[in-house]
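What follows is one structure encoded as structure tokens, with my remarks underneath.
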Amino acid sequence: QVQLVESGGGLVQPGGSLRLSCAASGSSDSIAAMGWYRQAPGNQRELVAIISSGGSPTYADFLKGRFTISRDNPKNTVYLQMNSLKSEDTAVYYCNAKMRWPRDMDYWGKGTLVTVSS
């Protein structure tokens with residue numbers, strides 16, 4: 001019932017910036033939180049950042065202040081501003097929406113590839 005459409009991925013040089021967007025449609029009124037996960041080949045999927053419906057953000061420790069998550073509620077869109085990108089940030093980034101009603105459930109986007117390379 002919830003569709004997540006990601007955009008903004010691509011190739012960027014080390015030290016550069018990129019902004020990811022994720023637009024939610026459908027039964028988005030039941031979404032408790034939205035965020036971003038990433039997975040590189042051979043690695044486990046890991047949380048990058050998540051933001052609650054009230055706008056409270058949570059970040060992974062490895063970000064060290066480089067990323068910022070934000071939300072535009074009228075547009076049902078969440079953003080991830082990525083600055084000072086490093087090669088180790090290269091991964092597929094997945095948008096995630098967490099629902100608690102009518103039941104606990106996760107929705108996932110198809111993922112967008114971020115490649116940090118010169």
Item to check | 26 Å Cα-Cα reach of residue 64 towards lysines, excluding residues that sit fewer than 8 places from it in its own chain | outcome: 86, 98
Checklist entry - At residue 1 and residue 88, where each label point lies 7 Å from the Cα along Cα→Cβ, what is the point-to-point distance in nanometres? => result 4.1 nm
Checklist entry - Can you give the extra length, in nm with one decimal, that the chain gains between residue 29 and residue 52 once fully stretched, where that is 0.36 nm per residue apart less the Cα-Cα distance? => result 7.0 nm
Item to check | Within the chain: Cβ-based charge dipole about Cα centre, in debye rounded to nearest 20 (Lys, Arg +1; Asp, Glu -1) | outcome: 60 debye
Checklist outcome for this item: On the formula 1/(1 + (r/R0)^6), with r taken between the Cβ atoms of residue 70 and residue 118 and R0 of 35 Å, the FRET efficiency rounded to 0.05 is 0.80
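Over segment 36-75, what portion of Cα pair distances is larger than 11 Å, expressed as a whole percent? Numbers along the way, then the final one.
Details: 525 of 780 pairs.
Across segment 36-75, Cα pairs with separations above 11 Å total 67 percent.
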Checklist entry - So what are the ³J(HN,Hα) numbers for segment 72-84, from phi and the Karplus equation (6.51, -1.76, 1.60; θ = phi - 60°), rounded to whole Hz, Gly and Pro as x? => result 10, 4, x, 9, 6, 10, 10, 10, 10, 8, 10, 10, 6
Item to check | At q = 0.14, 0.23 Å⁻¹, base-10 log of I(q)/I(0) for segment 27-118 (Debye sum, equal scatterers on each alpha carbon) | outcome: -0.51, -1.24
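Pairs of alpha-carbon atoms within less than 8 angstrom and 6+ residues apart define the contacts here; what relative contact order does the chain have, in percent?
36 percent
No lab work stands behind these numbers, since they all come straight from the coordinates. Keep in mind that what you see is a predicted model, and the values were worked out from it rather than measured. A quick note on method: Cβ atoms are made from the backbone with ideal geometry, for glycine too, and the neighbour counts reach across all protein chains shown.
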